Amino acid sequence: MKKIFAIMLMTVLLMTGCGEEKKVGSIKYQNVSEEAFIKFYEQTSGNSNTKYIFFDNLNAMTAALKAGEINEFAIYESLGNYLTMQNGDFELIQNEPIITDTFCCVLREDDADLKNELDEAILKISTDGTLADLVKTYINEIAHGEEPPAIEMPAFYGEPMIYVGVTGTLPLLDYVRADGQPAGFNTAILAEISKRIEKNIVLVPIDSSARAEALTSGQVDVIFWEVLPQEQKNIPAAFAPPDGTILTKPYFSDAIVYARLKKEMID
């Protein structure tokens, strides 16, 4: 998931001048190995005291933190709040300057008409209050221990099918329930978009690391993507959306924080 530079900037602030190696977890990046990322990080920051360790999902990363295999991990604030509501052993750290990524959808370039439809729908739900309600319901008001509720996608007889990849990697955003049903904020967004464009949206479970291939191969028509802060320069091509793709308007933004065990859990 593409929050590389945001993580780098925040970690530099924490680690400059420290002599002890710090291990930081992160959901693995689609096109970049641990070794390549660490080398790039060292070249960019001049800091060789931080080692990044990649994980397939949030559960594996939290287990590694509890086991002492990493010191902390990078996470979006909404996910971090959900995590700490569920588990009192964790605390979140937010550093200055606050780095924020934006979220959008990615389509193939030849689906420009569909992109325009999605953009128009995103604009409508952003201006009529629907988006704010979805943020409140599916992010801000999820109670301790609750799963996001299942969401019924609208059905339009005889209308086209749009296949959207979901990974379950980023609860509460891209989320798959224990019963295998996609749910959460992104699914709620898709349901509202479906209503406005009056086309059927079919949710297709895919592996996060295979998102780009699923899109470019035609398995799905849309995937979710996180966009790096626009002020960042020299972003490696491997961290960007695939060639031959286009981005919708953003529909959400979230700050990057770090999760770690509370001090009393370590002592």
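The values are calculated or read from the model by the stated rules, or taken from the named source; none is laboratory data. Only a predicted model underlies this, so the values are computations on that prediction, with no experimental measurement involved. Here the Cβ is made from the backbone with ideal geometry for all residues, glycine too, and neighbour counts use every protein chain on show.
Here are the numbers for the structure shown:
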item	result
Complete set of residues in the range 184-240 that are aliphatic (A, V, I, L, M) and modelled with pLDDT under 90	I206, A210, A212, V227, L228, I235, A237, A238, A240
Matching option when the condition is in contact with a strand residue (DSSP E or B) (Cβ under 7 Å, 6 or more places away or on another chain), within 22 Å of Y82 (Cα to Cα) and of a type outside the set (A, V, I, L, M, F, W, C), among T137, T169	T169
Verdict on E147 being acidic (D, E), surrounded by 14 or more Cβ atoms within 10 Å (Cβ to Cβ) and not in a helix (DSSP H, G or I)	yes
Residue within the range 168-188 that is of a type in the set (K, R), in a helix (DSSP H, G or I) and either surrounded by fewer than 14 Cβ atoms within 10 Å (Cβ to Cβ) or within 19 Å of the chain's Cα centre (by Cα) (or both) present	no
Candidates V204, V135, V220, filtered to the one that is hydrophobic (A, V, I, L, M, F, W, C) and in a strand (DSSP E or B)	V204
For T84: the one exception among (1) touching a strand residue (DSSP E or B) at 6+ places or on another chain (Cβ under 6 Å); (2) closer than 26 Å to K199 by Cα; (3) surrounded by 15 or more Cβ atoms within 10 Å (Cβ to Cβ)	(2)
Which listed residue, of A67, A74, A36, is modelled with pLDDT of 80 or more, under 25 Å from P242 (Cβ atoms) and outside the structural domain of Y138 (by TED's automatic domain parsing)	A74
Residue among K115, K124, K136 that is of a type in the set (K, R) and over 21 Å from the mean Cα position of the chain (by Cα)	K124
Any hit, the range 154-166, residues being at pLDDT below 85, assigned by TED's automatic domain parsing to the domain that holds E109 and surrounded by fewer than 22 Cβ atoms within 10 Å (Cβ to Cβ)	no
A121 aliphatic (A, V, I, L, M), in a helix (DSSP H, G or I) and surrounded by fewer than 16 Cβ atoms within 10 Å (Cβ to Cβ)	no
